[in-house]
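Down below is the structure, laid out as structure tokens.
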Amino acid sequence: MTETQYIPQGGKIRIGISSCLLGEKVRFDSGHKRDSYINGTLSQYFDFIPYCPEVAIGLGIPRQPIRLVRKGEQVHVTGTRDPALDVTDKLHAYGRKTAGEIDDISGYILKKGSPSCGMERVKIYHENGHPLDQGAGAFAEEILRARPLLPVEEEGRLGDPVLRENFIVRVFVYHRWRQLLHEGLAPGKLVDFHSDHKYLLLAHNQAAYRRMGRLVAEAGNMDLAELAENYGAELMTALTHRATRKQHTNVLQHLLGYLRDHLDDGDRQEMTEVIEQYRIGQVPLIVPIVLLRHHFRRHPDAYIQRQHYLHPHPDELMLRNTI
């Protein structure tokens, strides 16, 4: 597998993003929340498509801040200084409109804590001004509802190495799945896709992998559109489960099994020790991965060469160097 396999036809993978994270001065105070990791590292591999729902619905720059307020059973988005300003319907409508237009993106990064863009844990206030609850921003809520399989994350959570790697893995897998559907799903192509993602899926959710295998077995008997919908849902839901050291260790040991007849005693012992060092937290995941790649270059296996687990994203992102 080469780096060119990460790049889609026509350029970089497209990801939706809150405009302020790119440095656009669209916030209520005419400022921005430019994120250096997004703009410095991720921008080398992704094409960011910016959205600012508050500006899009006609709120000016600068403007009074807005917040989520519970009124009876409903959560409204109102002005902090002038509660008569209520943009609830406009934000939800723009969210639904945007959700219907983003067929060409493979992920979305939202602004943490925003009453329009926050993915979760956004403060919901009582009408008297006291914090009451937590929820999602009005715009984000519509994106999440309409695109449940789309990889979505907040910029604040990308500071967590495990969440960061999980999000990027999901983006690349979702992009490949969408490409497969665009090219035209066929039973044989689905079998290949499932096989190529076997160990990546096993690292995240073994039960889901088995359920997906049963779906793939029905590829010749089941309506393909229905099968694709069910498989896609299982696929992306499975990957939301964060892979643990125990699960990664299990996969690494399975991969080592393909090499046992090719390695001498010293190499086998070294590989076993490195996997154990990873299991107990002495080295990051990249260490046993690089050693496995080295041995598979010397002893190629056609099935393993197709496995996305060993190359889920560009090495330059160094996502497995810290998990």
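State which residue pairs qualify: first residue under 21 Å from V216 (Cβ atoms) and inside the range 234-261, second residue among the basic types (K, R) in any location, beta carbons under 9 Å apart, and separation of 6 or more residues or different chains.
E234/R211; M236/R170; A238/R211; L239/R170; T240/R170
It is to be established whether one or more residues within the range 154-173 are of a type in the set (A, V, I, L, M), surrounded by fewer than 22 Cβ atoms within 10 Å (Cβ to Cβ), modelled with pLDDT of 95 or more and not in a helix (DSSP H, G or I).
no
Got a number for residues in the range 69-112 being of a type in the set (G, A, S) and farther than 25 Å from Y174 by Cβ?
Within the range 69-112, residues that are of a type in the set (G, A, S) and farther than 25 Å from Y174 by Cβ number 4.
Which of the residues spanning the range 192-207 are buried (at least 19 other Cβ atoms within 10 Å of the Cβ), assigned to a helix (DSSP H, G or I) and not charged (D, E, K, R)?
F193, H194, Y199, L200, L201, L202, A203, H204
Could you check the range 241-298 for helices (runs of 4 or more DSSP H) lying wholly inside it with 2 or more residues that are over 22 Å from V173 (Cβ atoms) and among the β-branched types (V, I, T)?
Answer list for the range 241-298: 265-279.
Please specify each residue of the range 208-240 satisfying the condition of being closer than 30 Å to D160 by Cα, among the β-branched types (V, I, T) and in a helix (DSSP H, G or I).
T237
Residues in the range 44-81 that are in contact with a strand residue (DSSP E or B) (Cβ under 6 Å, 6 or more places away or on another chain) and not in a strand (DSSP E or B): how many?
The qualifying residues number 2.
Looking at A243, A233 in this structure, which one is among the aliphatic types (A, V, I, L, M) and surrounded by fewer than 18 Cβ atoms within 10 Å (Cβ to Cβ)? Let's see the steps before the verdict.
On the way: A243 fails: surrounded by fewer than 18 Cβ atoms within 10 Å (Cβ to Cβ).
Answer to the selection: A233.
Within the range 182-191, can you find the residues that are touching a residue at least 12 places away in the same chain (Cβ under 8 Å) and surrounded by 14 or more Cβ atoms within 10 Å (Cβ to Cβ)?
Within the range 182-191, L185, P187, L190, V191 meet the criteria.
Can you find, within the range 123-147, the residue that is nearest to K90 (Cα to Cα) among those that are outside any helix (DSSP H, G or I) and free of Cβ contacts under 8 Å to residues at least 40 places away in the same chain?
A136
Going by the structure shown, is R293 crowded, with 18+ Cβ neighbours inside 10 Å, of a type in the set (D, E, K, R) and modelled with pLDDT of 95 or more?
Judged against the criteria, R293 is not a match.
Could you list, in sequence order, all residues of the range 299-314 that are surrounded by 16 or more Cβ atoms within 10 Å (Cβ to Cβ) and part of a helix (DSSP H, G or I)?
I304, H308, Y309, L310 - these are the residues of the range 299-314 that are surrounded by 16 or more Cβ atoms within 10 Å (Cβ to Cβ) and part of a helix (DSSP H, G or I).
Of E120, E142, E154, E127, which residue is acidic (D, E) and within 20 Å of I13 (Cα to Cα)?
Numbers: E120 fails: within 20 Å of I13 (Cα to Cα); E142 fails: within 20 Å of I13 (Cα to Cα); E127 fails: within 20 Å of I13 (Cα to Cα).
So the residue among E120, E142, E154, E127 that is acidic (D, E) and within 20 Å of I13 (Cα to Cα) is E154.
Does G95 satisfy the criteria of being of a type outside the set (A, V, I, L, M), touching a residue at least 60 places away in the same chain (Cβ under 8 Å) and at negative phi?
When the stated conditions are applied, G95 does not pass them.
In this structure, does E120 turn out to be farther than 22 Å from G232 by Cα, outside the structural domain of H313 (by TED's automatic domain parsing) and either touching a residue at least 40 places away in the same chain (Cβ under 8 Å) or of a type in the set (K, R) (or both)?
On the way: farther than 22 Å from G232 by Cα: yes; outside the structural domain of H313 (by TED's automatic domain parsing): yes; either touching a residue at least 40 places away in the same chain (Cβ under 8 Å) or of a type in the set (K, R) (or both): no.
Spelling it out, it is not the case that E120 is farther than 22 Å from G232 by Cα, outside the structural domain of H313 (by TED's automatic domain parsing) and either touching a residue at least 40 places away in the same chain (Cβ under 8 Å) or of a type in the set (K, R) (or both).
Take the residues in the range 118-144 that are touching a helix residue (DSSP H, G or I) at 6+ places or on another chain (Cβ under 9 Å) and of a type in the set (D, E, K, R); name whichever of them is surrounded by the fewest Cβ atoms within 10 Å (Cβ to Cβ).
Across the range 118-144, the extreme among qualifying residues is E120.
Test each condition in (1) of a type outside the set (S, T, N, Q); (2) more than 21 Å from G135 (Cα to Cα); (3) crowded, with 18+ Cβ neighbours inside 10 Å for D47 and report the one that comes out false.
Going through the list (1) of a type outside the set (S, T, N, Q); (2) more than 21 Å from G135 (Cα to Cα); (3) crowded, with 18+ Cβ neighbours inside 10 Å, D47 breaks only (3).
Check whether at least one residue in the range 24-36 is modelled with pLDDT of 95 or more, assigned to a helix (DSSP H, G or I) and over 15 Å from P314 (Cβ atoms), and report yes or no.
yes
Listed here are the residues, each with its yes/no results for (1) more than 22 Å from the chain's Cα centre (by Cα); (2) not aliphatic (A, V, I, L, M).
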residue: L200; (1), (2): no, no
residue: A203; (1), (2): no, no
residue: Q206; (1), (2): no, yes
residue: R210; (1), (2): no, yes
residue: E218; (1), (2): yes, yes
residue: N221; (1), (2): yes, yes
residue: L224; (1), (2): yes, no
residue: T237; (1), (2): no, yes
residue: R242; (1), (2): no, yes
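The values are calculated or read from the model by the stated rules, or taken from the named source; none is laboratory data. This one's a predicted model, so the numbers in the text were calculated from it and none came from an experiment. Note that we place each Cβ from the backbone using ideal geometry, even for glycine, and neighbour counts take in every protein chain shown.
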